[in-house]
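Data block below; observations after.
Read-outs throughout are calculated quantities, based only on the coordinates presented, and are distinct from any laboratory measurement. If you're wondering where the values come from, they're calculated on a predicted model, not measured in any experiment. All Cβ positions, even for glycine, are placed from backbone atoms using ideal geometry, and neighbour counts span all protein chains on display.
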Amino acid sequence: MIKVSVNGEIKTLEENLNVTQMIEALEYKVKGFAVAVNTTFVPIAKYNDTIIQEGDTIDILAPVQGG
């Protein structure tokens with residue numbers, strides 16, 4: 001198990017999760033997130049290749065509707 005910061009909260013996750021698996025593990029339901037790992041945005045095409053590491057700071061930004 002590893003500890004990471006997700007949107008300012010410490011979370012415990014399984015080791016060797018990629019971004020897609022992390023989103024599923026954290027039970028985010030909406031599609032189309034913007035995800036940054038250690039202040040670097042991860043393109044959707046790289047979600048499966050980007051492995052979450054111990055101590056990472058992750059920001060998950062959901063789309064906002066309205067005007």
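For residue 6, enumerate residues with amide H under 5 Å from its amide H, sequence gap 5+ or separate chain, H modeled in the peptide plane.
11, 58
In sequence order, what are the phi-derived ³J(HN,Hα) couplings for the range 13-25 according to the Karplus relation 6.51 cos²θ - 1.76 cosθ + 1.60 with θ = phi - 60°, rounded to whole Hz, with x for glycine and proline?
Karplus values, whole Hz, x for Gly and Pro: 10, 5, 6, 6, 7, 8, 4, 4, 5, 5, 4, 5, 5.
What number, in percent, do you get for the relative contact order of the chain if the mean sequence gap of Cα pairs under 8 Å and at least 6 apart is divided by its residue count? Write down the numbers at each step before the final one.
Values: 103 pairs, mean separation 28.9, N = 67.
Relative contact order of the chain: 43 percent.
Can you give the extra length, in nm with one decimal, that the chain gains between residue 9 and residue 53 once fully stretched, where that is 0.36 nm per residue apart less the Cα-Cα distance?
14.3 nm
At R0 = 25 Å, how high is the FRET efficiency between residue 41 and residue 1 if r is their beta carbon distance? Nearest 0.05 is fine.
Between residue 41 and residue 1 the formula returns 0.45.
Return the sequence-ordered ³J(HN,Hα) values of the range 2-11 in whole Hz as given by the Karplus equation 6.51 cos²θ - 1.76 cosθ + 1.60 applied to θ = phi - 60°, using x for Gly and Pro.
Per-residue couplings from phi come out as 10, 10, 9, 9, 10, 6, x, 10, 6, 10 Hz.
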